[in-house]
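Report on the following structure.
The values are calculated or read from the model by the stated rules, or taken from the named source; none is laboratory data. Because the structure is a prediction, the values reported are computed rather than measured. A quick note on method: Cβ atoms are made from the backbone with ideal geometry, for glycine too, and the neighbour counts reach across all protein chains shown.
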Amino acid sequence: NAGVTQTPKFRVLKTGQSMTLLCAQDMNHEYMYWYRQDPGMGLRLIHYSVGEGTTAKGEVPDGYNVSRLKKQNFLLGLESAAPSQTSVYFCASRELGGANTGELFFGEGSRLTVL
Amino acid sequence: DAKTTQPNSMESNEEEPVHLPCNHSTISGTDYIHWYRQLPSQGPEYVIHGLTSNVNNRMASLAIAEDRKSSTLILHRATLRDAAVYYCILTSGTYKYIFGTGTRLKVLA
């Protein structure tokens, strides 16, 4: 059982380049999330999805786009990367249900550096 | 969204209990209290969650104040492996999990 898998794990971009981070989960989870974590900081929510074909903005959505075309995949896109987007990106998922069912499952993270 | 306040850092001796506090004075009646922890160079992992009653599991205990404006995560016997950043989070029907900066726990051998 792979859980939540993020691809790629490391990437270096030049300013202005575009890229897509892929998050895949094999737990049939309904909800998926993208976070970023800057050095020494907590996680900040970028976008999230409550089901296939749906997405919503989190705390820091600017400069990012997302898509959830398939239930198991949640893609995070950077159309024109900026040095301020240098960060570690975490994907998470959880099952359908109310807040009482709680548990988020996280991937191992994707470290992105924008030069 | 209701916010939480946690101390930036705490220290504990190995094999002693640790009480990690969290204040959430603006909590609403439907907010659940969740705790996650993040070990070095890893993604966060679930620890425990609750609504009103105290909760226990194999990792920790969660003590929730009667007015629900604060809670405490209790690690009964801290080990070196428990050194991590601990996040207290409130959730509601929006399904957003806002993490904040957490408490960095240092465990001394």
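Worth pointing out:
- For the range B:8-39, filtered to residues that are within 16 Å of residue B:74 (Cβ to Cβ) and among the hydrophobic types (A, V, I, L, M, F, W, C), the residue that is modelled with the lowest pLDDT is B:33.
- Matching entry among B:28, B:41 (being assigned to a loop (DSSP other than H, G, I, E, B), in contact (Cβ under 8 Å) with a residue 12 or more places away in the chain and either at the interface with another protein chain (Cβ under 8 Å from one of its Cβ atoms) or not aromatic (Phe, Trp, Tyr) (or both)): B:28
- Residue in the range A:30-52 that is touching a residue at least 24 places away in the same chain (Cβ under 8 Å), farther than 25 Å from residue B:84 by Cα, away from chain B (no Cβ under 11 Å) and buried (at least 20 other Cβ atoms within 10 Å of the Cβ) present: no
- Any hit, the range A:21-41, residues being among the hydroxyl-bearing types (Ser, Thr, Tyr), in contact with a Gly (Cβ under 6 Å, 6 or more places away or on another chain) and either modelled with pLDDT under 95 or more than 17 Å from residue A:94 (Cα to Cα) (or both): no
- Those residues of the range A:53-67 which are touching a residue at least 12 places away in the same chain (Cβ under 8 Å) and within 14 Å of another protein chain (Cβ to nearest Cβ), in sequence order: A:54, A:55, A:58, A:59, A:60, A:61
- Pick from the range A:85-101, criterion facing another protein chain (nearest Cβ under 8 Å) and surrounded by fewer than 19 Cβ atoms within 10 Å (Cβ to Cβ), ranking: modelled with the highest pLDDT: A:98
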